[in-house]
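Written out below as structure tokens is the structure these notes cover.
Each reported figure results from applying straightforward, stated rules to the coordinates on display, with no laboratory input. Bear in mind that the values here come from a model prediction, so they are computed numbers and not experimental data. Cβ sites come from the backbone with ideal geometry, for glycine too, and all protein chains shown count toward neighbours.
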Amino acid sequence: MTSPHARLRDLGLELPAPPAPLASYIPTLLVPIGERRSLLYIAGQVSARDGKRLTGRCPDQVSMEQAQEAARACALSLLAQMESAAGLDNVEQVVQLTGFVLSTDDFGDQPKVINAASDLIAEVLGDAGKHTRVAIGTNALPFLVTVEIAAVAVVRTG
């Protein structure tokens, strides 16, 4: 079985540095659930690439494709946080993603936007990346980013 790092290389992707918190919170929290396992909670990761926030409301300010790119950027940040907190090789299961899409009142394709993040995480982590999910449309997100996604995973520790 190929490692998550090899899958990232095969996809031509690199993990960014794990983003620092943008307000009063911690980016990750490990909660022990046994001797060698923990739940890893990852704070919402906003859409950004190369230090630049990806902003705009879908679909009137950004296209579906741009919103999906924003979701992929969030997924890479989530993977970077997983790597920093526990190591990608130690992810047993991504349990849930909660995705928010900045969108107009009449836009209903939030699941299609967040699919881009779900698909990338599953490509990198294999079966361990398959998860439950929430995809929500909202009229405001921090810094007017297009997408924000939080996650919970089970990881091996110790």
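Treating r as the C-beta distance of residue 98 and residue 31 and R0 as 22 Å, the FRET efficiency rounds to 0.85.
Only four residue types carry charge here, +1 at the Cβ of Lys and Arg and -1 at the Cβ of Asp and Glu. Report the dipole size of segment 4-156 about the Cα centre in Debye, rounded to the nearest 20.
320
The angle separating the long axis of helix 110-125 from the principal Cα axis of greatest extent in the chain is about 30 degrees. Working from Cα pairs under 8 Å separated by at least six residues, relative contact order for segment 4-156 is 34 percent. Against the chain, whose longest principal axis comes from its Cα atoms, helix 64-85 is set at around 30 degrees. Exposure proxy shown here: for 118, 63, the number of other Cβ atoms within 10 Å sets the order, fewest to most, as 63, 118.
Restricting the calculation to alpha carbons of the chain gives Rg and Dmax of 15.0, 49 angstrom.
With viscosity set to 1.306 mPa s and temperature to 10 °C, compute the Stokes-Einstein D of segment 1-55, Rh being the Kirkwood radius across alpha carbon pairs; µm²/s, no decimals.
On the way: Rh = 14.0 Å.
In µm²/s, the coefficient is 114.
Taking each DSSP H run with n ≥ 4 as -39500 (n - 2.57) and averaging over every residue of the chain yields -9500 deg cm²/dmol at 222 nm. The ranking of 82, 64 from fewest to most other beta carbons within 10 Å of each one's beta carbon is 64, 82. In terms of other Cβ atoms within 10 Å, 7, 49, 72 run from fewest to most in the order 49, 7, 72.
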